[in-house]
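Visitor: Before I ask anything, let me first share the structure, which is written out below as structure tokens.
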Amino acid sequence: MNALYRLIGIRKSHGQRTVLAIDDLALYPGKLYTLTGANGAGKTTLLNLLALLTPPCGGELRYEEEPVRWSNAALLPLRRQVTLLHQSPYLFDGIVFTNVAFGLKLRGIRGEEKQRRVKQALELVGLPGFGQRRARELSGGEAQRVAMARALALEPKVLLLDEPLANVDRATSEYLEGVIAALPGRGTTVIMTTHDPEHPGRLGGELIHLVAGELACRI
Amino acid sequence: MEFLAETFRTAIALILSLDGEVVTAVATSISVALWSILFATLAGVPAGVAVGITEFPGKRLVITILNTLMALPTVVVGLAVYGIISRQGPLGELGILFTPKAMIIGQTVLAIPIVANFTLSTVKGADPRIIPTALTLGAGPFQSVLQLAKELRFGIMAAVIAGFGRVIAEVGVAMMLGGNIRGYTRTMTTAIAMETGKGEFALGLALGIILMAVALLVNLFLNILQQR
């Protein structure tokens with residue numbers, strides 16, 4: 001099976017400090033991966049790399065077995081297959097609908113198809129009828145769900161989640177866990193970071209543990 | 001005291017009667033200021049955004065220069081542009097000295113550092129997640145910067161209004177490059193200076209009241225934007 005991502009001799013440093021050093025790692029499509037590790041273990045750095053936002057200092061990143069070329073023109077079509085949801089997501093000023101439709105508009109999806117996908121994404125995260133609400137007036141949990149809907153509406157090949165359940169109440173967390181766990185079944189590869197030791201067991205999939213930027217174990 | 005009260009009454013009467021001299025000066029002021037701020041916006045906003053979001057050697061120096069240019073005396077701008085567009089200057093053949101075009105050029109130069117600096121401040125204070133969020137949702141670099149500008153629209157509008165406030169109230173550039181020609185390049189500020197010098201205090205006061213009203217409106221609008 002072809003790997004979705006393949007990391008070969010990847011090095012990433014901030015000044016003199018190496019924050020990521022992965023010699024060989026392959027991630028396959030349609031699976032769920034949880035990245036664990038202490039603060040500063042390199043989880044977010046790895047996600048930013050996989051989101052094609054920041055290039056490595058050394059080594060090679062392959063996407064669908066093709067080496068990634070770090071030029072804007074080459075990155076744009078790849079970035080449109082991968083969506084990263086930040087730990088503390090930013091919602092654009094305006095209503096929920098325009099937020100969820102943001103990425104669809106960039107991809108030229110308009111009219112009924114856009115309406116359908118926004119509606120479907122909001123229903124998926126348990127916020128039907130929220131389209132006309134002002135994004136800035138939502139609670140933290142609702143904002144997290146809208147950000148998730150904004151990512152899901154794009155039907156990405158890869159969904160990268162940075163601590164998606166860290167800042168939400170228990171009810172929202174349980175709800176979103178269910179949404180996340182169902183994604184690989186819909187063909188979306190999920191790679192999420194977590195601090196909660198119970199998440200890998202509950203969500204299933206494969207666990208990747210990082211220590212000081214290095215791959216410590218893979219279960 | 002009676003003199004001031006009488007002058008004030010005459011000034012109000014001049015405004016209410018839509019005196020031709022007053023109307024022409026107000027129209028010239030507003031028209032020149034609007035064109036100037038349009039050009040200053042086209043140059044200043046992209047410059048402010050570019051300096052704000054990119055890191056490059058000498059960035060601190062560029063910011064210091066922009067800050068210094070904000071305090072540029074209007075007569076210095078007038079002098080510099082005069083040197084360029086006067087008959088002996090490199091652009092003397094255009095023959096635009098003592099025309100509204102010359103005033104627009106001078107006031108644009110005056111407004112660019114203000115618009116750029118205020119835009120830069122807005123960008124520096126922006127949420128750092130805006131551009132990465134747009135990128136992760138599939139925006140290209142240019143689209144993500146457009147989204148940043150959209151999110152910061154009130155701050156950018158405030159920058160534009162601050163520039164407008166500066167150019168509508170200035171006198172040095174208008175006088176030196178426009179020449180204060182009646183019915184052509186005479187603005188509110190140059191007319192105030194001249195009429196007061198002639199002893200026509202009431203006309204000067206009438207224009208002063210209108211200028212203050214314009215400045216008040218601009219500042220009220222600015223305050224509303226800053227509260228959003």
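Visitor: Is it true that A:F102 is under 30 Å from A:T45 (Cβ atoms), in a loop (DSSP other than H, G, I, E, B) and either touching a strand residue (DSSP E or B) at 6+ places or on another chain (Cβ under 8 Å) or not small (G, A, S) (or both)?
Guide: Numbers: under 30 Å from A:T45 (Cβ atoms): yes; in a loop (DSSP other than H, G, I, E, B): no; either touching a strand residue (DSSP E or B) at 6+ places or on another chain (Cβ under 8 Å) or not small (G, A, S) (or both): yes.
Judged against the criteria, A:F102 is not a match.
Visitor: Which of the residues that make up region A:51-85 are within 11 Å of chain B (Cβ to nearest Cβ) and either touching a His at 6+ places or on another chain (Cβ under 7 Å) or in a strand (DSSP E or B) (or both)?
Guide: The answer is A:V82, A:T83, A:L84, A:L85.
Visitor: On to the next question. Being part of a strand (DSSP E or B) and in contact with a Gly (Cβ under 8 Å, 6 or more places away or on another chain) is the filter here, so list the residues in region A:27-50 that pass it. Don't jump to the end; show me each part of the working.
Guide: So the first thing to find is which residues in region A:27-50 are part of a strand (DSSP E or B), and the list is A:27, A:32-36.
Listed by number, the residues that qualify are A:L32, A:Y33, A:T34.
Visitor: Counting only residues that are under 21 Å from the mean Cα position of the chain (by Cα) and acidic (D, E), which one in region A:111-157 is nearest to the other protein chains (Cβ to nearest Cβ)?
Guide: Selected residue: A:E155.
Visitor: Could you grab the pairs with beta carbons closer than 6 Å, sequence gap of 6+ or different chains, first residue in region B:28-42 and touching a residue at least 40 places away in the same chain (Cβ under 8 Å) and surrounded by 23 or more Cβ atoms within 10 Å (Cβ to Cβ), second one hydroxyl-bearing (S, T, Y) and assigned to a helix (DSSP H, G or I)?
Guide: Cβ pairs passing all conditions: B:S36/B:T108; B:A40/B:T108.
Visitor: With the checklist (1) facing another protein chain (nearest Cβ under 10 Å); (2) in contact with a Ser or Thr (Cβ under 6 Å, 6 or more places away or on another chain); (3) not acidic (D, E) in hand, flag the one item A:N99 doesn't pass.
Guide: Status for A:N99: all satisfied but (2).
Visitor: Anything in region A:1-45 that is surrounded by 14 or more Cβ atoms within 10 Å (Cβ to Cβ) and of a type in the set (D, E, K, R)? List them, or say none.
Guide: Listed by number, the residues that qualify are A:R6, A:R11, A:K12, A:K31, A:K43.
Visitor: Filter region A:30-88 for residues that are among the hydrophobic types (A, V, I, L, M, F, W, C) and under 17 Å from A:L165 (Cα atoms) and give the result. It would help to see each step written out before you state the result.
Guide: Initial filter on region A:30-88 (among the hydrophobic types (A, V, I, L, M, F, W, C)): A:32, A:35, A:38, A:41, A:46-47, A:49-53, A:57, A:61, A:68, A:70, A:73-76, A:78, A:82, A:84-85.
Within region A:30-88, A:L32, A:L35, A:A38, A:L47, A:L84, A:L85 meet the criteria.
Visitor: Somewhere in region B:170-191, is a residue within 14 Å of chain A (Cβ to nearest Cβ) and either in a helix (DSSP H, G or I) or crowded, with 18+ Cβ neighbours inside 10 Å (or both)? Outline the logic, then answer.
Guide: If we filter region B:170-191 for residues that are within 14 Å of chain A (Cβ to nearest Cβ), which is where we start, we get none.
No, every residue in region B:170-191 fails to be within 14 Å of chain A (Cβ to nearest Cβ) and either in a helix (DSSP H, G or I) or crowded, with 18+ Cβ neighbours inside 10 Å (or both).
Visitor: Against the definition (on the phi < 0 side of the Ramachandran plot, aliphatic (A, V, I, L, M), touching a strand residue (DSSP E or B) at 6+ places or on another chain (Cβ under 7 Å) and more than 14 Å from every other protein chain (Cβ to nearest Cβ)), how does A:I191 come out, yes or no? Give the derivation first.
Guide: Values: on the phi < 0 side of the Ramachandran plot: yes; aliphatic (A, V, I, L, M): yes; touching a strand residue (DSSP E or B) at 6+ places or on another chain (Cβ under 7 Å): yes; more than 14 Å from every other protein chain (Cβ to nearest Cβ): no.
For A:I191, the condition - on the phi < 0 side of the Ramachandran plot, aliphatic (A, V, I, L, M), touching a strand residue (DSSP E or B) at 6+ places or on another chain (Cβ under 7 Å) and more than 14 Å from every other protein chain (Cβ to nearest Cβ) - is not met.
Visitor: Another question, then. Does at least one position in region B:89-101 carry a residue that is within 14 Å of chain A (Cβ to nearest Cβ) and either touching a residue at least 60 places away in the same chain (Cβ under 8 Å) or more than 30 Å from A:L154 (Cα to Cα) (or both)? So that I can check it myself, show each step before the final result.
Guide: Kept after step one, since they are within 14 Å of chain A (Cβ to nearest Cβ), are these residues of region B:89-101: none.
Looking for residues that are within 14 Å of chain A (Cβ to nearest Cβ) and either touching a residue at least 60 places away in the same chain (Cβ under 8 Å) or more than 30 Å from A:L154 (Cα to Cα) (or both), one finds none in region B:89-101, hence no.
Visitor: Still on this structure, I have one more. Hey, can you tell me all the residues within region B:134-169 that are in a loop (DSSP other than H, G, I, E, B) and either more than 22 Å from B:A43 (Cβ to Cβ) or within 14 Å of chain A (Cβ to nearest Cβ) (or both)? Spell out how you get there, then give the answer.
Guide: The first filter runs over region B:134-169 and keeps only residues in a loop (DSSP other than H, G, I, E, B), leaving B:137-140, B:152, B:169.
Within region B:134-169, B:L137, B:G138, B:A139, B:G140, B:L152 meet the criteria.
Visitor: Looking at A:R107 and the list (1) facing another protein chain (nearest Cβ under 9 Å); (2) without any contact (Cβ under 8 Å) to a residue 24 or more places away in the chain; (3) not hydroxyl-bearing (S, T, Y), which single condition is not satisfied?
Guide: (2)
Visitor: Inspect region B:17-34 for any residue being under 30 Å from B:A158 (Cα atoms), modelled with pLDDT of 90 or more, of a type in the set (S, T, N, Q) and not in a helix (DSSP H, G or I) and give the result as yes or no.
Guide: Just the residues of region B:17-34 that are under 30 Å from B:A158 (Cα atoms), to begin with: B:22-34.
In the following step, the residues that additionally are modelled with pLDDT of 90 or more were identified as B:23-34.
Next cut, of a type in the set (S, T, N, Q) only: B:24, B:28-29, B:31.
With not in a helix (DSSP H, G or I) added as a condition, the list becomes none.
The answer is no; no qualifying residue exists.
Visitor: Considering each of B:I85, B:I131, B:I104 in turn, give the residue that is among the β-branched types (V, I, T), touching a residue at least 40 places away in the same chain (Cβ under 8 Å) and within 12 Å of chain A (Cβ to nearest Cβ). Steps first, please.
Guide: Working: B:I85 fails: within 12 Å of chain A (Cβ to nearest Cβ); B:I104 fails: within 12 Å of chain A (Cβ to nearest Cβ).
Testing whether each residue is among the β-branched types (V, I, T), touching a residue at least 40 places away in the same chain (Cβ under 8 Å) and within 12 Å of chain A (Cβ to nearest Cβ) leaves just B:I131.
Visitor: Additional query: Which members of region A:119-141 meet the condition of being touching a residue at least 24 places away in the same chain (Cβ under 8 Å) and either farther than 12 Å from A:G94 by Cβ or of a type in the set (A, V, I, L, M) (or both)? Lay out the reasoning, then the answer.
Guide: Going residue by residue through region A:119-141, those that are touching a residue at least 24 places away in the same chain (Cβ under 8 Å) are A:120-122, A:124-127, A:130-136, A:138, A:140-141.
Within region A:119-141, A:Q120, A:A121, A:L122, A:L124, A:V125, A:G126, A:L127, A:F130, A:A135, A:L138, A:G140, A:G141 meet the criteria.
The values are calculated or read from the model by the stated rules, or taken from the named source; none is laboratory data. Model, not experiment: these values are computed from the prediction. Positions of Cβ are generated from backbone atoms using ideal geometry, with glycine treated the same way; all protein chains shown enter the neighbour counts.
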